[in-house]
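Below is one structure, written out as C-alpha cells; comments come after it.
No value in this document is a laboratory result; all are computed from the given coordinates. Keep in mind that what you see is a predicted model, and the values were worked out from it rather than measured. Positions of Cβ are backbone-derived with ideal geometry, glycine not excepted, and every protein chain shown enters the neighbour counts.
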Amino acid sequence: MSYLGIGVSPGNVPVHHGSNLKVIDKRVRIIEVILRCLILGLAIIGAVLIGTDSQVKVIFSIKKEAKFTDMKVLVFLVIANGLAAAYSLIQVLRCIFSMIRGSVLFNKPLAWVIFSGDQLMAYLSLAAVAAAAQSGVISKFGQPELQWMKVCNLYGKFCNQIGEGIVSSLIVSLSMIALSGISAFSLFRLYGN
C-alpha cells in the first residue's frame, strides 16, 4: 500500500481508496507555510542580532571595538540569513497565493525550481551556521596550541549576542532542511508510484 492511501493489495489486506490526497495536500501546505514563516522571522532576528552587535573595551587606554564585521564568517552568516529571509518571504507569498487560489502544485518545472531553491538555501544556511559555530567555539575557548586567546573573556556581551544569533540561525538551518524534505515530497509525488 502506498503512503497516499492508494495501492494494490496482495489479496488479504484491505485497500483504502479514499480522498486522503486532498487532506494530505492541505496539511503539507499548512506545514510549509508555518515553516517558511518561522524561517522568515528567525532569519531576520538572527541577522539583526548579529548585524547590530558591537562592544567597546578600553585596554590600557586604547579603545577597541568588537563588531561583527571583524569576523568575516559573521558577515557571511548575516548575508545567508538575509537571503533565507528574502527567499522565504517570496515562497510564503507563493504559498498563500496558491492556497487562496485553491491550486495545487502540479507543474513539474516549477516544482523543480522550488526544490532546487530549497536545497540551495538549506546548504547555504547550514554552511554559514557551521562556520560561525566553529568560529564561536574558538572565540569562547581559544586555541592554546596556536596561542589564540579566549576573546569572549574580554567581550562577554558581544559573544552572548552572537551566540543568540547563531542559535536563531541554527533553527533556521534545521527548518530549511525540513522544508527541503517537504519540497522533495511535493516534487517526487508528481512522478507517481
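The table below gives the values:
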item	result
Estimated dipole of segment 67-192 in Debye, rounded to 20 [Cβ of Lys and Arg +1, of Asp and Glu -1, Cα centre]	220 debye
5 Å-binned pair-distance histogram of segment 67-192 (Cα, whole percent)	2, 10, 17, 18, 14, 11, 9, 7, 5, 4, 2, 1, 0
Free-standing Cys residues across the chain, given no other cysteine C-beta under 4.7 angstrom	C37, C95
Cross-link partners of K26 among lysines (Cα-Cα below 20 Å; sequence separation of 8 or more within a chain)	K108
Partners for K63 among lysines (Cα-Cα distance below 17 Å; same-chain residues under 8 apart left out)	K157
Alpha carbon centroid spacing (whole Å) that separates segment 137-193 from segment 65-121	16 Å
DSSP loop chymotrypsin sites (Phe, Trp or Tyr not before Pro) with at most 11 other Cβ within 10 Å excluded, longest remaining stretch of the chain	107-193
Listed residues F185, I96, I162: farthest to the positive end of the dipole of segment 67-192 (Cβ charges)	I96
